[in-house]
Every structure is written in C-alpha cells, then in structure tokens.
1. Test residue 152 against the stated conditions and say whether it is crowded, with 17+ Cβ neighbours inside 10 Å, within 16 Å of ligand 2 (Cβ to nearest atom) and either in contact (Cβ under 8 Å) with a residue 40 or more places away in the chain or charged (D, E, K, R) (or both).
2. If you take the residues of the stretch 182-197 that are hydrophobic (A, V, I, L, M, F, W, C) and within 11 Å of the chain's Cα centre (by Cα), which of them is farthest from ligand 1 (Cβ to nearest atom)?
3. For residues in the stretch 63-73 being touching a residue at least 24 places away in the same chain (Cβ under 8 Å) and crowded, with 23+ Cβ neighbours inside 10 Å, which is farthest from residue 32 (Cα to Cα)?
4. Give the residues of the stretch 208-219 that are in a strand (DSSP E or B) and either more than 15 Å from ligand 2 (Cβ to nearest atom) or at pLDDT below 95 (or both), sorted by residue number.
5. Would you confirm, using the coordinates I've provided, whether residue 98 is hydroxyl-bearing (Ser, Thr, Tyr), part of a helix (DSSP H, G or I) and within 14 Å of ligand 1 (Cβ to nearest atom)?
6. For the subset of the stretch 180-195 comprising residues that are assigned to a loop (DSSP other than H, G, I, E, B) and within 16 Å of ligand 2 (Cβ to nearest atom), which member is most open to solvent (accessible area, probe 1.4 Å)?
7. Name the single residue that is most open to solvent (accessible area, probe 1.4 Å) among those in the stretch 121-140 being of a type outside the set (A, V, I, L, M) and touching a Leu at 6+ places or on another chain (Cβ under 6 Å).
8. Given the condition surrounded by fewer than 16 Cβ atoms within 10 Å (Cβ to Cβ) and either hydroxyl-bearing (Ser, Thr, Tyr) or within 17 Å of the chain's Cα centre (by Cα) (or both), answer yes or no: does some residue in the stretch 87-107 qualify?
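The values are calculated or read from the model by the stated rules, or taken from the named source; none is laboratory data. The model shown is predicted, which means the values in this text are computed figures rather than measured ones. With ideal geometry, Cβ positions are generated from the backbone for all residues, glycine too; neighbour counts draw on all protein chains shown. Quick note on the areas: whole protein, heavy atoms, side chains included, nothing else; ligands and nucleic acids left out. Shrake-Rupley method; radii C 1.70, N 1.55, O 1.52, S 1.80 Å.
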Amino acid sequence: MTSLDIRVQQVSHRYAATHALQNIDLHIQPGEFVSLVGVSGCGKSTLMRLIAGLQTPTQGIIWLDGQPPEAARAAKQIGWMAQQAALLPWRTVLENVTLAQKINRQIGKNDTSSPEDLLKMVGLTEFADAYPLTLSGGMQQRAALARTLATGAAVWLMDEPFAALDELTRELLAGELLHLWHQFRPTVLWITHNLHEAIRLSDRVVVLTPRPGTIAGKLTVPLPRPRDDTSMEFQELLRQARALLRRERVHDQ
Ligand SMILES: Nc1ncnc2c1ncn2[C@@H]1O[C@H](COP(=O)(O)OP(=O)(O)O)[C@@H](O)[C@H]1O
Ligand SMILES: [Mg+2]
C-alpha cells in the first residue's frame, strides 16, 4: 500500500442557506494520522465527503496525491468507515472481505494478504462464516476494518466509526486500529468529538469552529505511542485542545 497526501485549499461549502464550511486549508502528509474535532454540525462529515469526492465543494479545491478526489475514488484509493459498518448483510464476513478484494482485482490492483489473513488481523477468524447482523457492533466494525484492508485503500476516511460502541470496546478497537495503521501506513483522517481519543491516536489534531466550520487551530502531538494519558505533556495538549474548542464556543454566543 502506498499512502497519498491530501491537500485541501481554501475550501468552502454551502447547502442552500446553510454555510457549512469556510476557507479550509489543510495539508495531510502521506501516512499521517490526523484527527478532525469540532462540535456537532460544524461540517466535519461534509469535509470528509468532499475529500472522498462524494460531493464537490462550492469553492476551493481538493487534491489527493495531485489528483481530484473522484479519480482517487475510481482507483479505489479511498476507504470509508462510518458509525454504521457498511457490510452486505446477506454475505458472510469472509464473503464480504473476499468481495472487496475481487472488485480490486477487476481494476488491476494486487492483493496484499488473503481474506483469511485479514480476518485474522482483526481477530475474526472464528466468525468468518457468520452473517454481519448476527455479530455485536464491535465485531461488525472489525469486519468493516478487514473489508477496508481488503480494498488496499491508501486513504482511510473514518467518520466516528466506533462512536456507537461501548467505551471499553471503543478503546480496544482504537488500539488495534493504531496497530493496523502502523502495519499498513495509510493516510488517516479520523473524525471524533472526543479530544482525549484524538490526542491518544493522532499525529495532529485539527480543531474546527462551530458552523460555518473554519480551522480554529492545529495541534501537533509529538508523543511516542502508546501514549500515557496521565503524562504532563498529554494533559497539556488536552488543555490546549479544550481551550481552542471552548474559545470558539464563547465567540459563537
Ligand atoms: N445534505 C445536506 N443538505 C443540507 N444541509 C446539510 C446536509 N448535510 C449537512 N448539512 C448541514 O451542514 C452542517 C454541517 O453538517 P455536517 O457536515 O454533518 O457536520 P458534523 O459532521 O460536524 O456534525 C449542518 O448544519 C448540517 O445540518
Ligand atoms: Mg458528522
């Protein structure tokens, strides 16, 4: 897998009367893990859909490895994960993963690992023949992760994929996600409204203001992983991120 850079230049987006995003400038390095945080409705999902080429910005431009997002999408370079695992319910877990690889083969992409290996990586070997809806939410997201791996996508766009899970499962899966990111090194854009999670996981945290979403600030997290959230450095970053979020909320009133 080769990872891509993402370049967002002066992007604004409107839905009829709603001004969702304004003047977003963001450059994400190949293989970088960046979190996007901000209050509900500030345009996080919109920005992700624009990067995925599912919508076109009303202003500005986006490049993935120097190409328009639509081209990266057509080349199956974009993996997408959201709160609801996008699995075919009438196919088993193994079939879901196999199918994702088959589609890749059709466009001439090489497989890296077998579907069985991918299921092993996400801890689902015993559930290969299960149907997605018979699994817990956490296991469904594991299957979705294996599916994303099977696509060989160089960019993972993750819109709060673990938000519906209980706290413990969520932390466990986030740890495993980091492990997979180390192994495959995709470029990751991770949406969360949980600052602690953002600092625990990412290389950089980008904080958005309330609508219209603009960039309130970008924080670099220079701490080695796994991160000790009781350390002074971690707590200081958390304080800075909170201040960015809070300041903008006060301004909004
Ligand atoms: N398809 C749409 N049509 C009209 N308004 C939308 C649409 N999608 C999102 N919005 C509005 O744009 C704003 C940003 O939404 P969204 O990107 O979903 O924010 P977030 O993901 O940060 O919660 C919200 O006010 C939302 O209601
Ligand atoms: Mg959203």
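1. Numbers: crowded, with 17+ Cβ neighbours inside 10 Å: yes; within 16 Å of ligand 2 (Cβ to nearest atom): no; either in contact (Cβ under 8 Å) with a residue 40 or more places away in the chain or charged (D, E, K, R) (or both): yes.
The answer is no for residue 152.
2. 188
3. 72
4. 215, 216, 217, 218, 219
5. No, not satisfied.
6. Top of the filtered list is 193.
7. So the residue we want is 125.
8. Within the stretch 87-107, none of the residues are surrounded by fewer than 16 Cβ atoms within 10 Å (Cβ to Cβ) and either hydroxyl-bearing (Ser, Thr, Tyr) or within 17 Å of the chain's Cα centre (by Cα) (or both).
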